[in-house]
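Any read-out appearing in this document is the output of simple, stated calculations on the displayed coordinates, not a laboratory observation. All figures in this text were calculated on a predicted structure; none of them were measured in a lab. Cβ placement follows ideal geometry from the backbone for every residue including glycine, while neighbour counts extend to all protein chains displayed.
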Amino acid sequence: VPHSFSRYVATPLAGLLNVKEKVRLKATPNAVLEKFYSATSKHPKQAEVEMLSKKSGCTVRQVERWFRRRRNQDRPSLLKKFREASWRFTFYLLAFIAGMAVIVDKPWFYDLREVWKGYPIQSMLPSQYWYYMIELSFYWSLLFSIASDVKRKDFKEQIIHHVATIILISFSWFANYVRAGTLIMALHDSSDYLLE
């Protein structure tokens with residue numbers, strides 16, 4: 001679904017919003033610099049730049065420029081970031097709308113004492129079941145696709161967040177905290193789409 005959305009919805013939308021690929025200059029092929037870049041560091045220190053300058057036959061300025069261009073080649077494009085963010089925005093918005101549709105007519109939406117009325121033996125409606133399953137499957141998909149998504153500075157934090165969310169949703173399911181869980185998921189979805 002994310003790939004189809006990216007191709008058939010996000011890319012045309014990016015065109016309408018004038019989101020374009022930025023032309024980046026490619027680093028000229030250089031085996032010595034590429035080996036250092038891949039094996040040692042993407043950000044060489046000044047002494048290493050001078051050493052690489054002697055080894056590669058380039059000036060210090062050319063080595064610095066090569067590393068800057070090479071790092072820029074690894075950065076994801078603006079269009080790729082837009083596609084990913086628009087997919088998550090769309091999911092969170094639809095999940096929030098679906099969550100509100102699931103709970104807006106329930107008594108515990110208006111009176112929190114109703115959340116615990118009859119606990120632990122509370123019936124579950126099909127709409128609650130599907131809301132849980134869709135949310136849980138989405139977070140599992142985020143966890144599995146994080147390796148192929150745009151790398152971010154908060155990569156580790158994202159993994160921790162996704163795992164914690166999966167654990168919390170699963171715990172509330174198994175402990176039959178479904179009423180409270182639907183309220184909390186809708187509350188979180190209400191802010192998540194704004195953050196994208």
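Simple point charges give the picture: +1 on the Cβ of Lys and Arg, -1 on the Cβ of Asp and Glu, and for the chain a dipole about the Cα centre of about 1460 debye.
Could you state, as a whole-number percent, how many of the C-alpha pairs of region 72-122 are farther apart than 17 Å? List each step's numbers first, then the result.
Details: 772 of 1275 pairs.
Of all Cα-Cα distances in region 72-122, 61 percent exceed 17 Å.
Mind ordering 106-113, 19-26 by average Cβ neighbours within 10 Å, highest first? Display every interim value, and only then the final one.
Numbers: 106-113: 12.8, 19-26: 10.6.
My ranking of the peptides, most packed first, is 106-113, 19-26.
If one puts a single equal scatterer on every Cα of region 1-46 and applies the Debye formula without solvent, what log₁₀ I(q)/I(0) results at q = 0.26 Å⁻¹? Scattering profile of region 1-46, log10 relative to I(0): -0.93. Residue-wise HN-Hα couplings along region 167-173, as the Karplus relation 6.51 cos²θ - 1.76 cosθ + 1.60 with θ = phi - 60° gives them from phi, are 5, 5, 5, 5, 4, 5, 5 Hz; Gly and Pro carry x.
Here the 3J(HN,Hα) profile of region 93-102, calculated from phi with Karplus coefficients 6.51, -1.76 and 1.60 at θ = phi - 60°, is 5, 5, 5, 5, 5, 5, x, 5, 5, 6 Hz, Gly and Pro shown as x.
How large is the helix-only mean residue ellipticity at 222 nm for the chain, computed as the sum of -39500 (n - 2.57) over DSSP H runs with n ≥ 4, divided by its residue count, in deg cm²/dmol to the nearest 500?
Values: 10 runs with 133 residues, N = 196.
My calculation for the chain gives -21500 deg cm²/dmol from helical runs alone.
Give me the count of lysine pairs in region 78-195 whose alpha carbons sit under 22 angstrom apart, restricted to pairs 8 or more positions apart or on different chains.
Lysine pair count for region 78-195: 7.
For region 25-74, the residue among Leu52, Tyr37, Gln73 whose Cα projects farthest onto the positive side of the dipole built from Cβ charges is Gln73. As a rough footprinting exposure proxy, the listed residues Asp149, Asp189 were ranked by other beta carbons within 10 Å of their own, and the order from fewest upward is Asp149, Asp189.
Over region 41-196, what is the mean sequence separation of C-alpha contacts under 8 Å (at least six apart), divided by residue count, expressed as relative contact order in percent? Please report the intermediate quantities before stating the final value.
Numbers: 88 pairs, mean separation 54.7, N = 156.
Relative contact order comes out at 35 percent.
Here the 3J(HN,Hα) profile of region 151-163, calculated from phi with Karplus coefficients 6.51, -1.76 and 1.60 at θ = phi - 60°, is 6, 10, 5, 9, 4, 5, 5, 5, 4, 4, 4, 5, 5 Hz, Gly and Pro shown as x. Restricting the calculation to alpha carbons of the chain gives Rg and Dmax of 24.0, 78 angstrom.
Straight-line reach from Lys55: taking Cα to Cα under 27 Å and skipping same-chain neighbours fewer than 8 places apart, the lysines in range are Lys26, Lys35, Lys42, Lys45.
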